[in-house]
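Data block below; observations after.
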């Protein structure tokens, strides 16, 4: 039997998909499931970040604000009005997309570093806002105390389970959907225009690309999907607090995962999360008390090294190795 | 384009697969042993409350080392001969990290029991996770009211809750007024803008009304504040007679020093056992903290049997004196051990039953400010009593001196009120 | 051996090659013109001599020492000064400060006040404007500062890149006169110009570049009358 | 109220000082140094340990702290930032350097955490921490000293850039890199020196802050964001702008909080920051290319 | 019939007047050249037409639309494409990708766009490079890519800004052939160049600019003999000799 490169890659893809779906069946230790969820969660939000930070070619450093908006919208709706988080998820996404457009209008006019600073200020501003507002009318925002979502039994409608496995599959499906959308968009006019505008706005405009419009669309998409992750987060942790869902650390982490993996590529955020998150989680849990800060030190070191030696992210070299590996498999099969 | 991306995607999933294999190897080794009680500890080992967490960890290690060296559990049942294994995870004082820690402990490390988490804001959500999984959670320190009273079956709190703290703070103010015949009219409230601070402020406002004091200043500041001078200037211009304060560690130091530097001296400053109880506080404020009242559950100068000996041993092992933080950990650990000894099982329902039945008053439980540890059906230690200490100069050092209730007060010390040189 | 000798250099920006096998030399005290249309490689030649670019092949020898792999600041120390196209003054520094920056290298720094006097003698206008920010000067004044700044470095070889660019005809004449004066005082000069009449008139010899190749060279006055030169520019 | 204004001015000038290094580095390298806060932390720790070991005055620590932070910045630029900077020379919107400086920030902060632990540390200098009265307004001596050091350091820096040979070379490089190298200026050395000076100013700011502040490994974080706000307010790259931006922040914080809750003042600062960014990104007082 | 017409275009940068009162007209299917020394204002004038700069005053009419205040992408959609003097490829993308971006102007579907792009690439004889990243191309190839991208928008009018600069004589010849081929397909072309012999061989009419002003206009022969032009190119004294 002979396989072409394409077929081999397809087979590998299928195999990995099966493995990922079967992981909860084989791994009984939910602690590891938890790590997988963390990893996939970051894959997801870094992929959503990538719309703006990667394809549109700027550096947003305030995406945690969208997580906060998503988490707060669905949580307030759920805790106070009993509206299912699934509905709240959508509502949060839409609100967040609108805010994304509003904030995008002026910020996209800024260049390079100024854009980054504006998004930092936006992210921090949203966080401080949530921290300081206790109530708006009868709506309890919780202020600095945050909002606890009471556990009221396993329920799909209420988006809560004791077991981690439902969360595993939800984030997995969310990730696959987002990746599919990304792949689809990047192969459409929208993707071409977005990337063109990111690479060289002036040249793109002269080819008929309304750069500002496509950047705004990207911002709206990014905000929408990030906010959805916010709802997931709220239901997964069952507690939200401005400084944990809206923190600047989170915003930075999202960006760094995508950048280390390779911004502007579909695989980049996946690889970035795969490299950084298990490392972070394992060092934190196994070295936690012993050497606090070691994992962040390593993160910093990786950041510096990647920027010096692999400025386009680790995806570049890994893809090369993988392609070589597939080629070899083809020749083996043939001989 | 299309092809390429799918290939990359499949490649990533491949990597995922390898990570899975890798972690699968861990699973087996983690579950290999099972003749021990695994206790998960979530503590702030780094971040703003780290010193409290680190000292609490020392006391826990001290107790468990001794306990295991003495042969572990001796009882009739499954635990006979078992030893205690402690797992410590850092919360960084961050609720989210705390929640993931608990999930990790329960799902990954299969702990039988959890204790911690010092910060109320962490304990509150983290305990829900334990409850969902029916894992007992023993809270030695966190005081926020909302932690108990949620109908949780496996949550037990040894510390007094904040409404008792504030209640006793106001009783103390009443006491001061009566004792010294001073007319106390005005209060100033200053709190850190987080869950801990906010819940104190809420009940202060209520109590002030009930007790007939006028709140002339109610000010919050951000956790990240770099300069507290504006707050101090506000106090200075409002001039409340009594200043009630709730702070975390860093800001407690900053606030106290800034007040001293600006000569802002109300009749009394009463703090709430947060940052002011942190061992770093006196170290970093010294004279500036003179005459500050702080609320506490314990103080080293209380004349309790066994305390001196305990301090000697502990100091030998870790080089520090026992203090409020370590003593909270001390009672917490001993409560857990005492109850486990009785049940001789890690079954959470048996644990709950025994927790509710026990009234612990002998042995290690004689060193507390209150006579016994006993829980109501909400899991609250019913008679967790409180004392007030005043920072005073003893010899050439500043110490926390117990001054109230009068019967617990250190010999030779009385409440100083209003403080000298007040405005 | 000539004062400066460029032998068979190839130069590229990244992958894009712009000079092919270019050789030229200059003797001490000469005024040498390098002429050619835009994109012919004139500026690249100067940038290569001054070390902003390094040749892929070939060598540059100055005063019997190879300089083709040295960094710009070392080449400045050796005495080759490049007055770049478009003046490239420091717009937020005064005329005086701009001139002083010219004498940054250690050979010239100690004599900076003396040299500055000489520059002011050459361009009295600059003395009046010494405290003005360079960014606020007129085009002609800026060019004077640029030339003066080059002089401040006490150059052995002074290279001008299109000093007449954007100047009104009358100013072009003044500028060429000034350059001639500098040459007469003993400084070796390489002059890159589009305005070939102006430049050839004051030069001893010239090279004609076309598309990265040296296509012609010889006595400046002869080239001036050479119809092929005119053709290269106007296509007549 | 008067004291609040005075405090605003004093704190503002000190905030300004913490931002001067940031603005200087941006002015010359056109790089936003995200590791600013970590350098500040290093300065605070250096001062702390100096005072701890020698038992002397924190202002004396400058003798050690300034060279220490200077060389730290110098070599970080030389070995970590320069390679990225060089490879991004032609990139339209260089963000690699931002990311590298963030990596350095993480490394420094967590190195400090591993070395010194997370606890808070203060030094007690009663002689300077006491508030003294000036015309009926109160301010601690440490802040007044801080104010004068801020003004002096900024003034010295201004003088250095204006009149010294190296200073002029720095300015020339900031205005035209290529032309500067044609003057015989080694631009990478200039960058190293500039970075060194920028971090040395952080060291000075550390010594100024410590007497009334505290130090712990992530202390730079809050000041970091504050500094970004300050430099954008005053105009990135402008040294007087940094001081003015600092004063604005100091006054909003100090005076504003006499009218609204202190925890809201930070929100006001962010809103003003965003408005300035959108309306006048060059800052209130910034002149491009000028320090 | 004029497809592009500008009336009294003025562009000022602060105090500097880069373009002064340019009146300019191009007829359909014509090739028109613009010449002038460095800094004469040719590219600025181009930028005004393509919308990259908004003229300080004046009017630009293209194909019946007043495009004076249009944004570049709107102008591109109307069928006016341009190349840049300093080529601006999407460096990290393949040749095909670069050209496909242009082709999307007239279609929503990737399949159509790619088909059109491949056609264009073929037309310009760079088909074998279609999967090469733009940053790995040589200069002549980049110039062609720049042209291919503009051409993929299927323009009515093409503005070429120094597409020959930096090319070798044989490469210039190829490029000239391509330009004529494009013109034969009915595309109007305006071309900026300083190398006069190059521009003269293709242009029907030539405008000469100096210091932002039109100094001559007419057939190549007329312009080459114009005194102002010679003066601008070779210096004052040349005219006399």
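Side notes on the structure shown:
- For residue A:105: the one exception among (1) in contact (Cβ under 8 Å) with a residue 24 or more places away in the chain; (2) within 11 Å of chain D (Cβ to nearest Cβ); (3) farther than 25 Å from residue A:201 by Cβ: (3)
- Those helices (runs of 4 or more DSSP H) lying entirely in region B:86-199 with at least 1 residues away from every other protein chain (no Cβ under 12 Å): B:162-180
- Lone unmet requirement of (1) surrounded by fewer than 24 Cβ atoms within 10 Å (Cβ to Cβ); (2) at negative phi; (3) within 14 Å of chain B (Cβ to nearest Cβ) for residue A:224: (3)
- Candidates C:224, C:191 - the one that is at pLDDT below 85 and either within 24 Å of residue C:170 (Cβ to Cβ) or surrounded by fewer than 22 Cβ atoms within 10 Å (Cβ to Cβ) (or both): C:224
- Filter pass, residue A:149 being touching a strand residue (DSSP E or B) at 6+ places or on another chain (Cβ under 9 Å) and surrounded by 18 or more Cβ atoms within 10 Å (Cβ to Cβ): yes
Yes/no per residue for (1) out of contact with any helix residue (DSSP H, G or I) (no Cβ under 6 Å at 6 or more places or on another chain); (2) assigned to a helix (DSSP H, G or I); (3) more than 8 Å from chain A (Cβ to nearest Cβ):
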residue: D:98; (1), (2), (3): yes, yes, no
residue: D:101; (1), (2), (3): yes, yes, yes
residue: D:109; (1), (2), (3): no, yes, no
residue: D:113; (1), (2), (3): yes, yes, no
residue: D:118; (1), (2), (3): no, no, no
residue: D:128; (1), (2), (3): no, yes, yes
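- Considering E:31, E:3, E:49, the condition of being crowded, with 18+ Cβ neighbours inside 10 Å, at pLDDT 85 or above and in contact with a helix residue (DSSP H, G or I) (Cβ under 7 Å, 6 or more places away or on another chain) is satisfied by E:31 alone.
- Residue A:241 satisfies every condition listed in (1) surrounded by 24 or more Cβ atoms within 10 Å (Cβ to Cβ); (2) at pLDDT 90 or above except (2).
- The listed residue being closer than 30 Å to residue D:265 by Cα and at pLDDT below 90, out of D:3, D:13: D:3
- Of residues in region B:174-194 being touching a helix residue (DSSP H, G or I) at 6+ places or on another chain (Cβ under 8 Å) and either without any contact (Cβ under 8 Å) to a residue 12 or more places away in the chain or crowded, with 24+ Cβ neighbours inside 10 Å (or both), the one farthest from residue B:251 (Cα to Cα): B:183
- Number of the condition not met by residue E:164 [criteria: (1) within 13 Å of chain A (Cβ to nearest Cβ); (2) within 14 Å of the chain's Cα centre (by Cα); (3) without any contact (Cβ under 8 Å) to a residue 40 or more places away in the chain]: (1)
- Members of region C:95-149 found to be more than 14 Å from chain D (Cβ to nearest Cβ), in a helix (DSSP H, G or I) and more than 17 Å from residue C:178 (Cα to Cα), listed by number: C:114, C:128
- Test for residue E:106: is it surrounded by fewer than 16 Cβ atoms within 10 Å (Cβ to Cβ) and at pLDDT below 90: yes
- The residue that is farthest from the other protein chains (Cβ to nearest Cβ), among those in region B:241-262 that are touching a residue at least 40 places away in the same chain (Cβ under 8 Å) and surrounded by fewer than 24 Cβ atoms within 10 Å (Cβ to Cβ), is B:241.
- Elements of the type helices (runs of 4 or more DSSP H) sitting completely within region A:170-268 and holding at least 3 residues that are more than 25 Å from residue D:105 (Cβ to Cβ) and free of Cβ contacts under 8 Å to residues at least 12 places away in the same chain: these cover A:201-206.
- Taking region D:118-140 as the range and being surrounded by fewer than 18 Cβ atoms within 10 Å (Cβ to Cβ) and either without any contact (Cβ under 8 Å) to a residue 24 or more places away in the chain or in contact with a strand residue (DSSP E or B) (Cβ under 7 Å, 6 or more places away or on another chain) (or both) as the test, the residues that pass are D:124, D:126, D:127, D:130, D:132, D:133, D:135.
- Filtered by the rule that a residue be in contact (Cβ under 8 Å) with a residue 12 or more places away in the chain, surrounded by fewer than 23 Cβ atoms within 10 Å (Cβ to Cβ) and away from every other protein chain (no Cβ under 14 Å), region E:182-210 gives E:182, E:183, E:186, E:187, E:189, E:204, E:205.
- Scan of region A:1-32 for residues that are facing chain B (nearest Cβ under 9 Å) and in a loop (DSSP other than H, G, I, E, B), ordered by number: A:27, A:28, A:29
- Top-ranked residue of region C:81-94 - restricted to ones that are surrounded by fewer than 23 Cβ atoms within 10 Å (Cβ to Cβ) and more than 7 Å from chain D (Cβ to nearest Cβ), ranked as nearest to the chain's Cα centre (by Cα): C:85
- Wholly enclosed strands (runs of 3 or more DSSP E) of region E:27-119 bearing at least 3 residues more than 9 Å from chain A (Cβ to nearest Cβ) and within 21 Å of residue E:185 (Cα to Cα): E:31-36
- If you check A:255, A:218 for being over 30 Å from residue E:159 (Cβ atoms) and either away from chain B (no Cβ under 14 Å) or crowded, with 24+ Cβ neighbours inside 10 Å (or both), only one passes: A:255.
- If the condition is being under 10 Å from residue A:118 (Cα atoms) and either in a loop (DSSP other than H, G, I, E, B) or under 21 Å from the mean Cα position of the chain (by Cα) (or both), then region D:255-275 contributes D:270, D:273, D:274.
- Residues in region A:33-54 that are farther than 15 Å from residue A:272 by Cα and within 14 Å of chain D (Cβ to nearest Cβ): A:52 alone.
- Single residue of region B:283-311 satisfying the filter (assigned to a helix (DSSP H, G or I) and in contact with a strand residue (DSSP E or B) (Cβ under 6 Å, 6 or more places away or on another chain)) that is nearest to residue B:159 (Cα to Cα): B:289
- Test: residue in region B:56-66 that is surrounded by fewer than 22 Cβ atoms within 10 Å (Cβ to Cβ), at positive phi and at pLDDT 85 or above: no
- Annotation note: of C:70, C:46, C:52, C:24, the sole residue that is touching a strand residue (DSSP E or B) at 6+ places or on another chain (Cβ under 6 Å), modelled with pLDDT under 95 and within 14 Å of chain D (Cβ to nearest Cβ) is C:46.
The values are calculated or read from the model by the stated rules, or taken from the named source; none is laboratory data. On a predicted model such as this, the values are computed, not experimentally measured, just so you know. Cβ sites come from the backbone with ideal geometry, for glycine too, and all protein chains shown count toward neighbours.
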